[in-house]
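Here's the structure we're looking at; comments come further down.
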Amino acid sequence: LNSYNTNRINIVLSDYFSHLDRFRFLDNNSQPIDHSPQVSVLSPSEVAKLEPLFFLPRRKKTLSSYVEFGVSFNNLMQSCTSLDTNLKLVFDQDQAYIVKASRKEAKRNCVYVSLQSNASSIDKTKAYFHALLLTYMMQKYAPVEDAKILEIEERANILFDPLFASFFEESQRAGWDLSKTGVSSRGYGFTFSREIF
């Protein structure tokens with residue numbers, strides 16, 4: 001199969017981010033980014049050899065264990081603070097999702113993703129990539145205190161565009177069809193009205 005599901009994209013992104021880490025590209029510094037290192041993506045046949053055949057309970061935590069994907073907008077608002085920048089991207093750049101990190105129970109770091117109701121498969125791929133990038137960076141610098149979360153979010157936002165462009169290109173080269181991505185979700189979506197009353 002040449003489309004990403006939750007298991008496949010987790011395998012691919014864990015491998016992808018670990019390769020990027022070798023270039024020290026994900027270090028939390030303020031250097032400007034205009035390109036990303038060329039990192040290949042595992043092909044569908046390579047992932048098929050790594051993908052579990054049975055859907056057994058996970059014994060160890062993966063990057064996706066810290067991601068709440070497709071949460072309601074209300075849940076996002078209750079769980080996170082400082083959403084100004086995220087909402088600006090939705091309004092000004094018509095971004096189809098909001099990704100935000102926060103602290104959860106037992107002071108566990110968590111990344112929340114809320115999707116617009118009309119988000120396409122590629123939008124969902126972008127949102128999932130963004131969430132796992134942020135999660136990977138937070139795990140790298142764990143434990144992350146509240147003040148550090150905003151700093152890591154800013155760095156992840158700077159890295160996102162060049163990294164996702166490279167990932168998209170490498171995914172297509174490896175034989176993946178991103179228009180058919182199906183990632184497990186809570187199933188919520190939000191809609192913003194631009195009308196002024």
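Quick check on residue 153: is it out of contact with any Gly (no Cβ under 9 Å at 6 or more places or on another chain) and either open to solvent by less than 70 Å² (accessible area, probe 1.4 Å) or at pLDDT below 90 (or both)? Here the answer is yes, as residue 153 does meet what is asked.
Is it fair to say residue 45 is open to solvent by 40 Å² or more (accessible area, probe 1.4 Å) and either part of a strand (DSSP E or B) or at pLDDT 65 or above (or both)? Spelling it out, residue 45 is indeed open to solvent by 40 Å² or more (accessible area, probe 1.4 Å) and either part of a strand (DSSP E or B) or at pLDDT 65 or above (or both). Among the conditions (1) assigned to a loop (DSSP other than H, G, I, E, B); (2) modelled with pLDDT of 85 or more; (3) surrounded by 18 or more Cβ atoms within 10 Å (Cβ to Cβ), the only one that residue 2 does not satisfy is (3).
The values are calculated or read from the model by the stated rules, or taken from the named source; none is laboratory data. Since this is a predicted model, take the numbers as computed values, not measurements. With ideal geometry, Cβ positions are generated from the backbone for all residues, glycine too; neighbour counts draw on all protein chains shown. Heads up: the accessible areas ignore ligands, DNA and RNA and are worked out on the full protein's heavy atoms, side chains in. Shrake-Rupley method; radii C 1.70, N 1.55, O 1.52, S 1.80 Å.
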